[in-house]
C-alpha cells in the first residue's frame, strides 16, 4: 500500500510540475522567432528562393 | 502400469465398426461466428465416423485433456473434517465438463458423507467452493410448462439449463457413473440461496447450497500446510485491494484537476473586434488550379500575461456561411504590435503598407509573426463498402506558450476552392492552464488500478484456484 | 399384543403390533403369516446377513424426540446396494423408517392401494397423480426383496421384484412401492442421525 501511495505522489507531483512549467508545449515569441529564422536561412541557402505558403485541402477522406 | 496397460486404456472403440478412436478435429462454417471454426472431435481410424461433444465417446477420448489438473483441487479423497459442527468425510468425486464448451470448462463435485448420515456435495469450480445438500421443495413442476420449471413459485427458464458430462469418477459414489454420462443442470438463486436441479434419464436431484470460503474449508479439514499460504494470499489480495482504491482515488483526483484546468480558461477579449481586409476572395492560380485567397488583419488586442499557456481555436462559423462539399485552408499568424511597428517604421495605421507587408510576409528575412498555425477545414461525401458517408472537419485548436505580454494582431489567410465570406472563419484565444499531463497520468493510474484490481482477485500462493 | 408359538419350531412368538401381517421367527427364520386364526407358514428363508444398522429388532429410543420401538424390517437389494425398511411404532402410531447407505428417512403417512399410472411409462421429472396427490418423480428403480425379520406390516416374498419411485410432493419425500399385487405410497421427511436416539 505504501508503494502505491509513493507512486501516486510521484506521478501527481511530476504531472503538476510538468503542467506548471508548460513542458512539451511549443513556444511562441522568441523561441518561435529563433526556430523560424533558422528554417528560413536553411531554405534560402538551399534553394535560392523562399516558397510562399500555398493553401490546399488536406482532405481527410479523399486526400485531395 | 506397463505400456500395454496404457495402450489398452486408450483403445476406445467405435460404436459402428469397432475401430479405435483417436483425437481429431473438424472445420465447419459457424453461422453465429460468421467464420469457419475448427472443433475437436473423436474419430474412428477405420470408418472415419466422428464423435462430437454430444457423445460419450468424445469424453472418453478427450478425458485426459479435461482431467490433467485433477490434483490441483482443495479437496482430496479421504479428507476428513468438521465443518459447522458436523463431521464430513470426502468419499468420492465426479468431474463434469460443460457440453457446449470446446475448451476445458470443468467443475468437481466432491461427495462427502456426514456423521448425520447425509450425503453432502462440495462443488469446486473456478476457484469457488459451494456446499450442497439434498433439498425437498414445497412444490416443483418440471414438465407442465414447455419453457420453464416451476420451483416453489419461481420460474426457471429451461433455456438456462446446461449439460454437464462426466469426465472423471473416483472413490465411492452413490451410483455407478459412466464417462460421458450427461446431466442436465439448472443453477439458480432463490431468497439468497443457491439451488441446483440436476436431471438425468433416471433421476432428478435437487440440492440447496451456499458458498464457502477456502479459509473455512482449510480450517474445517485441517489442511495445515495451506494455512500460511492462505493467510499470505488473503493478506496480499487485501493489499492489492487497497492499492486499487488508492489508484482509483488518484484517477478521480486527476479527473478533477483536468476539469478544473479545462474550465479555468480565461478568454482574451476583443480579438476579432477590429479588422482590415487586404484581400477578399482574389483568384489565385497555382499548380493545382484556381483557388480564392483572402487576407485579413485582426487587432490590435491585449494579451495581458507573458510566459503563459494560450489556446487558439479556429473554426468555421456555419451560421455565417456553411462549408458544403468544399474545402477551406487557413494560415493564422500571431503578430506582435511592436515588431509590426518596427517593420512599418511607425506607419502601423497605413493599411496599404500593411497589406503590402503581409502580401510579402514569407519573403521577409526574419519572421514577423510570433507564432503560426496552418490548418484545413473540409466537408465531403462519398460511398464506400459501408454505403453513403458525409463527413466534415470544421474546427482546429492548438496550445502554445507565449513569452511576452502586450498588444498583438492576428493575420489570417484563407484559401478555398469556392468564394467564401471572410467572416465565416472565426477564432478565439484564451489563457489556458494545461491538463495533458493529468490526462496522461490518469491513464497510468487506470492501468495501475486495473493491474492491482486483477491481482487483488487472482494473486494466489495456493496450489489450487481460489476466487474471491 | 398376543403370545403364540412358531408353527415351525415352536419357539414363543410375541406379536406387539396389531397391524403386523407377518412375523419372522427369530430362531428358525420361518416367515409366519399372522391371521386371526393363528400363524401360517409362508416360507422359510435364510436369516438376513448382519449389516451395521442404527436399529435392531426391539430397539427403543426416540426419533425427533418421540418414543419409538423397532418392530421389524424388510431388506431390499438394488443396483446401488441394499436398503432396509423398518416398521416401527412411533409415539403409538405406525411409521416406517428407511436406512439407505447411511441416509435415513422417516415415513409417517401411508396411502394404501393407491392408483398410479402405468409404471413402465413413468420417467424421472414427470408429474404423476398418486391417489389425489400430485407428486414429481425423482427416481424410478428396481429392487428385489432379500428378506425380513421381526414383525412386518407388509409382506412380499423374498426374491420378488419391486419397482420403486422416489418422489417429492408438498415439501415431503414420497416413496411409492409397486409390486404385482399392490401399490403403497409413503410420505415423510429425511432424518439426520442426530434425530435418532437409540437406548442402550
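Readers should treat all values here as calculations from the given coordinates under stated rules, not as data from a laboratory. Everything numeric in this text was worked out from a predicted model, so none of it was measured. Here the Cβ positions follow ideal geometry from the backbone for every residue, glycine too, while neighbour counts run over all protein chains shown.
Distance from the Cα centre of the stretch C:8-27 to that of the stretch C:178-192, in angstrom? Cα centroid to Cα centroid, the span is 24 Å.
The distance between label points at residue B:423 and residue C:157 comes to 11.7 nm (points 7 Å beyond Cα on the Cα→Cβ vector).
Would the stretch B:188-260 count as rounded, prolate or oblate if I go by the C-alpha gyration tensor, calling it rounded below 1.5 in a/c and otherwise prolate when a/b exceeds b/c, oblate otherwise? Could the numbers behind the result be given before it?
Details: a/c = 4.75, a/b = 1.67, b/c = 2.85.
Cα axes put the stretch B:188-260 in the oblate bin.
Distance between the C-alpha centres of the stretch B:81-153 and the stretch B:400-445: 66 Å, rounded to the whole angstrom.
Can you give the average number of partner chain beta-carbon atoms within 10 Å of each beta-carbon in peptide B:191-200, as a whole number?
On the way: counts 0, 0, 0, 0, 0, 0, 1, 0, 3, 3.
Mean number of neighbouring Cβ atoms from other chains: 1.
Size of the stretch C:57-200 from its Cα atoms: along the principal axes, largest to smallest, the extents are 47, 33, 26 Å. Between residue B:36 and residue C:194, the C-beta separation translates, for a Förster distance of 60 Å, into a calculated FRET efficiency of about 0.50.
Each listed q (0.27 Å⁻¹) maps to a log10 I(q)/I(0) for the stretch A:2-47, found by the Debye formula over equal Cα scatterers with no solvent: -0.91.
Overall dimensions of the stretch B:221-282, expressed as equivalent-ellipsoid semi-axes from the Cα gyration tensor (√(5λ), whole Å, largest first), are 64, 13, 5.
For the segment C:125-136, counting C-beta atoms of other chains within 10 Å of every residue's C-beta and taking the mean gives 3. If you take the alpha carbon atoms of the stretch B:266-432 and fit the smallest convex hull around them, that volume is 137 Å³ per residue.
Centroid-to-centroid, using Cα positions, the stretch B:206-253 and the stretch B:338-372 are 72 Å apart. Expressed per residue, the C-alpha convex hull volume of chain B stands at 303 Å³. Assuming R0 = 51 Å, can you tell me the calculated FRET efficiency for the pair residue C:115 and residue B:45, based on Cβ-Cβ distance, to the nearest 0.05? According to the calculation, E is roughly 0.40. Taking every residue in A:4-16 and counting other chain Cβ atoms within 10 Å of its Cβ, the average works out to 6. Rounded to the nearest 500, the 222 nm mean residue ellipticity of chain B from helices alone is -7000 deg cm²/dmol, with -39,500 (n - 2.57) taken per DSSP H run of at least 4 residues. The modelled label-to-label distance between residue B:394 and residue C:44, using points 7 Å beyond Cα along the C-beta direction, is 11.2 nm.
Would you kindly calculate the mean projected area, averaged across all directions, of the convex hull enclosing the Cα atoms of the stretch B:62-219, in square nanometres?
Numbers: hull surface 38.9 nm².
Across all orientations, the stretch B:62-219 yields a mean hull projection of 9.7 nm².
Highest GNM mean-square fluctuation, chain C, Cα pairs closer than 10 Å: which of C:30, C:105, C:179? Looking only at C:30, C:105, C:179, the largest GNM fluctuation is found for C:179.
Legend: ranking of residues B:107, B:327 from fewest to most surrounding C-beta atoms inside 10 Å; resulting order B:107, B:327. Multiplying the sequence separation of residue B:260 and residue B:353 by 0.36 nm and subtracting their Cα-Cα distance, what value in nm do you get? Extra length available between residue B:260 and residue B:353 comes to 29.0 nm.
Each residue of the protein assembly as shown gets 289 Å³ once the volume of the Cα convex hull is shared out per residue.
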